[in-house]
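The values are calculated or read from the model by the stated rules, or taken from the named source; none is laboratory data. Bear in mind that the values here come from a model prediction, so they are computed numbers and not experimental data. Reconstructed Cβ throughout: ideal geometry from the backbone, glycine too, with neighbour counts over all protein chains shown.
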Amino acid sequence: MRDISLKIIAAAVLVAAGCSDHSGPDTTDDAPPPTSQSVNVQDNQFVAATVRVASGGTVRWTWRGGSPHNVTFADGPTSATQSNGTFERSFETAGTHRYHCTVHGQSMSGTVTVVAPTQAASSVSTGSP
């Protein structure tokens with residue numbers, strides 16, 4: 001009986017895999033980056049801590065919950081320590097910009113990856129990351 005059950009489960013997995021519309025490698029990084037992104041600041045974490053935007057794009061952090069946090073960058077404007085509200089920053093320089101909350105240290109951190117227009121165009125046209 002156990003052998004039959006395993007065969008039925010294996011067949012069901014194969015059928016489900018065959019019905020998938022996923023036919024190749026994940027190409028989500030090939031899409032042009034958005035011009036804006038949102039990050040929630042809540043429960044001692046950044047939700048969507050890692051985001052990707054086009055050069056000139058904006059990221060908006062929105063506080064949810066009652067604990068005080070901040071968004072601190074080594075290379076530019078930072079937010080006030082607050083328990084509600086929003087903070088917005090635009091990014092012109094391509095590269096990876098790391099941020100963290102000074103109240104909670106590196107355990108509460110994230111990154112903003114800024115993609116230059118030429119990087120975004122070549123990524124889409126050549127299919128390379």
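Taken over the stretch 55-74, residues that are basic (K, R) and part of a strand (DSSP E or B) amount to 1. For the stretch 52-84, name all the residues that are within 15 Å of T102 (Cα to Cα) and aliphatic (A, V, I, L, M). Across the stretch 52-84, the qualifying residues are V71, A74, A80.
Residues considered: P33, P77. Of these, the only one that is in a loop (DSSP other than H, G, I, E, B), out of contact with any Gly (no Cβ under 6 Å at 6 or more places or on another chain) and exposed (fewer than 14 other Cβ atoms within 10 Å of the Cβ) is P77.
Residues that are touching a strand residue (DSSP E or B) at 6+ places or on another chain (Cβ under 8 Å), modelled with pLDDT under 95 and not hydrophobic (A, V, I, L, M, F, W, C) within the stretch 93-129 comprise T93, H104, Q106, P117, S123, listed in sequence order.
For the stretch 61-81, the condition of being at positive phi, of a type outside the set (D, E, K, R) and touching a Phe, Trp or Tyr at 6+ places or on another chain (Cβ under 8 Å) holds for none of the residues.
So, D21, is that one farther than 30 Å from P117 by Cβ and at pLDDT below 95 or not? Spell out the reasoning first.
Values: farther than 30 Å from P117 by Cβ: yes; at pLDDT below 95: yes.
For D21, the condition - farther than 30 Å from P117 by Cβ and at pLDDT below 95 - is met.
Across the stretch 49-57, a minimum of one residue is classified as within 17 Å of T93 (Cβ to Cβ) and hydroxyl-bearing (S, T, Y).
A residue that is part of a loop (DSSP other than H, G, I, E, B) and modelled with pLDDT of 95 or more can be found somewhere in the stretch 36-54.
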